[in-house]
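Some notes on the structure that comes next.
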């Protein structure tokens, strides 16, 4: 009798030892699922989509570290293909003396904004130059253009935003343009850096898009009014923490809004933002 009780006790003890890790693992998985569900629930709301920094795709090639907001190259996510005509938003860090060899583009508006360091540009139209923080560069690829981009510094990294926007005019003659932002910048105010109008301040592209930037001190509030009805806006937080239409966003977060006429912006700490107003449908 005593022997049977001992065997039964040993069996139950062994069973408990085996099942505790399984139960613990299941609880952890359930917790992760709930966290993921919470993230998913937070990212999509009425007329709003939020892309948290940590949800971007990260790729590390040694000389190049990149975060993709939207599908690009080997990264494919059918739910992250674009926002309106905004097709690519890459946050690139390129090692010293490294870069992209000559490669081809066509029928795309390609915008480059350095966040730190300098980038050397060369193309088959004969354009050569260096673009640095405080400048913006645009290429209308049109019928086709080959270009290369390299970190102009031999040692230090360069951090750039690479942005692609679908064009509204196919097969145009390729063009290149760069502009200093220092002559456009205003303290604690939004300032326009890109538009569809050749005579406006900043660079221009073949698309009904307007880009603005702003550097704001803590507690500064402002309002962005859309230029064109039915456009949407995608706002990328370069630095800081900002409340946008009652959504708190931090460094490298992005938010897309549509079916709106204006955007309320409240800097909760010293912040820098990029606003991209674009059509929500390709022409």
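None of the figures in this text is laboratory data; all of them are computed from the coordinates on show. Bear in mind that the values here come from a model prediction, so they are computed numbers and not experimental data. Methodologically, a virtual Cβ is constructed for each residue, glycine included, from the backbone with ideal geometry; neighbour enumeration extends over all protein chains shown.
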Please say if segment 46-279 is rounded, prolate or oblate, where rounded means a/c under 1.5 for a ≥ b ≥ c the square roots of the C-alpha gyration tensor eigenvalues, and otherwise the choice is prolate for a/b larger than b/c and oblate otherwise? rounded
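Please rank 270, 91, 60, fewest neighbouring Cβ atoms within 10 Å first, as an exposure proxy.
Details: 270 14, 91 21, 60 9.
Placing the least packed residue first, the sequence is 60, 270, 91.
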Spacing of the two label points (7 Å from each Cα toward its C-beta) at residue 246 and residue 191, in nm: 3.3
How many angstrom lie between the C-alpha centres of segment 144-165 and segment 51-91? 16
At 7 Å along the Cα-to-beta-carbon direction for both residue 168 and residue 76, put a label point, then send me their distance in nm to one decimal. 3.1
Specify the inter-centroid distance of segment 115-131 and segment 221-254, based on alpha-carbon positions, in whole Å. 29
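Taking 22 Å as R0, compute the FRET efficiency from the Cβ-Cβ separation of residue 270 and residue 132 and round it to 0.05.
0.50
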Extend 7 Å from the Cα of residue 154 along its Cα-to-C-beta direction; within segment 91-126, residues with backbone N under 11 Å of that point are 97
